Amino acid sequence: MSFDVSGNAYDRFMGRYSRELAPAFADFAGVEAGQRVVDVGCGSGVLTEELARRVGADHVAGADPSPLLEACAERVPGADLKRAAAEDLPWPDDSFGAALAQLVVHFMDDPEAGVAEMARVTRPGGVVAACTWDFSGRMKLLGTFWESARALEPGAAESETSAFDEARLDALWRGAGLGDVEVDEIVVSTRYEDFDELWDTFLLGAGPAGQYLISQPPDRQSAIRAEYFSRAGEPTGSFELDARAWAVRGRV
Ligand SMILES: C[S@@+](CC[C@H](N)C(=O)[O-])C[C@H]1O[C@@H](n2cnc3c(N)ncnc32)[C@H](O)[C@@H]1O
């Protein structure tokens, strides 16, 4: 599975973006002191930690089906964490004031069921919110990766980049019967010391891109790297990469 990696590997690869995204996404979802909140697909706990900062760890729950949950438990002691998928959340109806899923909906086996579960565990009037990357060119790290991979192997796995856009998020939320649905963008950026630092994070094997890369023979890995380097403008020294996420929220 794509997320059977250490918390440290995940954080170097994607957590560096999650960290920038988390406060903006929690603001977008209106998370504030006094609420009980659940982080669905909490992974290594980057958003969970931000939620605990706002409402206290004893008011935060999290669910994730991957071993990354162990890193979350270390990061946010006192949170109510369960090894579970969004499609079958282990909490009773109306347990939370808000349910959030950061960079998760496009990984769900059944997004409709996952969002329905998020709505079920959220009390009436509470918020259900999610965000996913914009793969139409504004998530440079992964967009450039899949362009490079496909330049060498047309049809290389691209499920990660084709699944969701703002229209589909909007439709998913309305289809789940949520009200006051709104979609907005959140733009973040992260800095790399050099191109090697970026490339090394793919070799950690995290997520579909990392998994794809490490499944390739060494000469193909080198060719993808050269293609990526060229498409990234052959950066020398440190540089920043932007990433735009679509965020959606609705009320139960
Ligand atoms: C890109 S990571 C995001 C982790 C974390 N939310 C963050 O922002 O850093 C995607 C996460 O979704 C989890 N995931 C995959 N399928 C899931 C499902 N059906 N239900 C809940 N989480 C799922 C993975 O295990 C992984 O931790």
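The values are calculated or read from the model by the stated rules, or taken from the named source; none is laboratory data. Nothing here was measured: the structure is a model prediction, and the numbers come from that model. For neighbour counting, all protein chains shown are included, and Cβ atoms are generated from backbone atoms with ideal geometry for every residue, glycine included. These accessible areas exclude ligands, DNA and RNA; they are computed on the full protein's heavy atoms, side chains included. Shrake-Rupley method; radii C 1.70, N 1.55, O 1.52, S 1.80 Å.
Within segment 238-246, does at least one residue satisfy the condition of being within 30 Å of Ser95 (Cα to Cα), part of a strand (DSSP E or B) and within 18 Å of the chain's Cα centre (by Cα)? So far as segment 238-246 goes, yes, one or more of its residues are within 30 Å of Ser95 (Cα to Cα), part of a strand (DSSP E or B) and within 18 Å of the chain's Cα centre (by Cα). When Ala84, Ala61 are screened for being small (Gly, Ala, Ser) and surrounded by 23 or more Cβ atoms within 10 Å (Cβ to Cβ), only Ala61 passes.
Taking every residue in segment 233-245 that is more than 14 Å from Arg19 (Cβ to Cβ) and in contact (Cβ under 8 Å) with a residue 24 or more places away in the chain and pairing it with any residue that is open to solvent by less than 40 Å² (accessible area, probe 1.4 Å) and part of a loop (DSSP other than H, G, I, E, B), at least 6 positions away or on another chain, the pairs with Cβ-Cβ distances below 7 Å are Arg244/Asp134. Is it the case that Leu203 is without any contact (Cβ under 8 Å) to a residue 40 or more places away in the chain and surrounded by fewer than 16 Cβ atoms within 10 Å (Cβ to Cβ)? When the stated conditions are applied, Leu203 passes them.
Taken over segment 211-223, the criterion of being more than 17 Å from the chain's Cα centre (by Cα) and either open to solvent by 10 Å² or more (accessible area, probe 1.4 Å) or closer than 16 Å to Trp133 by Cβ (or both) is satisfied by Tyr212, Ile214, Ser215, Gln216, Pro217, Pro218, Asp219, Arg220, Gln221, Ser222, Ala223. Filter segment 14-45 down to the residues that are open to solvent by less than 10 Å² (accessible area, probe 1.4 Å) and part of a helix (DSSP H, G or I), then identify the one that is farthest from the ligand (Cβ to nearest atom). Here the residue is Ala26.
Based on what the data block shows, is Pro208 modelled with pLDDT of 95 or more, under 25 Å from Asp4 (Cα atoms) and open to solvent by less than 70 Å² (accessible area, probe 1.4 Å)? So Pro208 does not fit the description; no.
Mind checking which residues of segment 101-153 are acidic (Asp, Glu) and more than 30 Å from Ala223 (Cβ to Cβ)?
The first filter runs over segment 101-153 and keeps only residues acidic (Asp, Glu), leaving 109-110, 112, 117, 134, 147, 153.
Of everything in segment 101-153, those that are acidic (Asp, Glu) and more than 30 Å from Ala223 (Cβ to Cβ) turn out to be Asp109, Asp110, Glu112, Glu117.
Selection over segment 100-138 of residues that are among the small types (Gly, Ala, Ser), closer than 19 Å to Val60 by Cα and within 14 Å of the ligand (Cβ to nearest atom) gives a count of 4. Somewhere in segment 167-180, is a residue modelled with pLDDT of 95 or more, over 26 Å from Pro65 (Cα atoms) and not in a helix (DSSP H, G or I)? Yes, that holds for at least one residue. Mind checking which pairs have a first residue in segment 35-57 that is touching a residue at least 12 places away in the same chain (Cβ under 8 Å) and a second that is within 6 Å of the ligand (Cβ to nearest atom) and among the β-branched types (Val, Ile, Thr), Cβ under 9 Å, 6 or more apart or different chains? Within 9 Å, the pairs are Val40/Val104; Gly41/Val104; Cys42/Val104; Gly43/Val104. Name the pairs: first residue in segment 96-125 and open to solvent by 20 Å² or more (accessible area, probe 1.4 Å) and in a helix (DSSP H, G or I), second residue within 10 Å of the ligand (Cβ to nearest atom) and of a type in the set (Gly, Ala, Ser), Cβ to Cβ under 6 Å, at least 6 apart or on different chains? Listed by first residue and then by second, the contacts come to Glu117/Ala86.
For residues that are under 30 Å from Ala232 (Cα atoms) and not hydroxyl-bearing (Ser, Thr, Tyr), scanning just segment 109-138, find the one that is modelled with the lowest pLDDT. Write out each step before concluding.
First pass over segment 109-138, keeping only residues under 30 Å from Ala232 (Cα atoms): 130-138.
After this cut, where a residue has to be not hydroxyl-bearing (Ser, Thr, Tyr) as well, the list is 130-131, 133-135, 137-138.
On the way: Ala130: 98, Cys131: 97, Trp133: 93, Asp134: 90, Phe135: 83, Gly137: 74, Arg138: 85.
Of everything passing the filter in segment 109-138, Gly137 is modelled with the lowest pLDDT.
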